[in-house]
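The values are calculated or read from the model by the stated rules, or taken from the named source; none is laboratory data. Keep in mind that what you see is a predicted model, and the values were worked out from it rather than measured. Ideal geometry is used to build each Cβ from the backbone, glycine not excepted, and the neighbour counts take in all protein chains shown.
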Amino acid sequence: MIYTAARARAQEAEEALNLPDPVSLGSIQRHIEKLRSRKIIIKPMKGTPTDKVCGLWFGMDDLDLILHAPAASEMHRQQIILHEFGHMILRHEQETLSPDYARAFFPDLDPERVVTALKRTDFLDEFEITAELLADRLAARIRRSVRRYAQPANFGAVFG
């Protein structure tokens with residue numbers, strides 16, 4: 001896929017979301033939950049079967065679960081999560097999981113509860129590129145909201 005087409009698809013998807021201002025990671029999550037009629041749980045990964053994983057999106061029987069690797073900063077954590085949100089927004093298909101694969105990530109959970117996952121074999125395919133470009137657009141919206149809606153420093157002390 002040509003980057004121009006991926007950029008256009010990411011822009012189209014972001015505009016179609018009609019996100020209300022101010023935009024934050026939490027408001028995006030709530031908006032997607034409403035659109036998908038499913039709760040989204042976000043948790044850090046304590047350990048993974050592979051060290052090449054930054055983020056994973058699992059479809060459980062009754063919710064979506066995003067796991068993210070420990071991040072160097074809050075901004076990096078946000079980008080990993082926004083990337084997984086990008087896959088949801090773009091409606092990228094998940095694959096049915098085998099019980100063995102589910103058990104590798106959730107040893108204490110009934111493997112039948114873990115229904116699907118988005119598994120990547122190529123980080124430079126059209127789905128990954130478009131999801132990352134959408135994540136970049138969402139991150140820019142968050143930054144613009146922070147600048148637009150942030151109170152000036154010391155506002156409370158001056159005006160009470």
TODO: Could you identify the single residue in Ala16, Ala71 that is at pLDDT below 85, within 20 Å of Glu132 (Cβ to Cβ) and out of contact with any Pro (no Cβ under 7 Å at 6 or more places or on another chain)?
DONE: Ala71
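Test Lys43 against the stated conditions and say whether it is more than 20 Å from Thr130 (Cα to Cα), part of a helix (DSSP H, G or I), modelled with pLDDT of 85 or more and among the charged types (D, E, K, R).
On the way: more than 20 Å from Thr130 (Cα to Cα): yes; part of a helix (DSSP H, G or I): no; modelled with pLDDT of 85 or more: yes; among the charged types (D, E, K, R): yes.
So Lys43 does not fit the description; no.
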Open item on the list: Tally up the residues in region 86-99 that are at pLDDT 75 or above and assigned to a helix (DSSP H, G or I), please.
Closed with: 4
- [ ] Identify all residues within region 5-40 that are surrounded by 14 or more Cβ atoms within 10 Å (Cβ to Cβ) and either free of Cβ contacts under 8 Å to residues at least 40 places away in the same chain or not in a helix (DSSP H, G or I) (or both); write none if there are none.
- [x] Leu19, Pro22, Val23, Ser24, Ser27, His31, Glu33, Arg38, Ile40
TODO: Report whether or not Leu118 is buried (at least 18 other Cβ atoms within 10 Å of the Cβ), modelled with pLDDT under 75 and either β-branched (Val, Ile, Thr) or under 29 Å from Arg143 (Cα atoms) (or both).
DONE: yes
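Quick check on Ala135: is it assigned to a helix (DSSP H, G or I), at pLDDT 70 or above and under 28 Å from Ala5 (Cβ atoms)?
Values: assigned to a helix (DSSP H, G or I): yes; at pLDDT 70 or above: yes; under 28 Å from Ala5 (Cβ atoms): yes.
It is true that Ala135 is assigned to a helix (DSSP H, G or I), at pLDDT 70 or above and under 28 Å from Ala5 (Cβ atoms).
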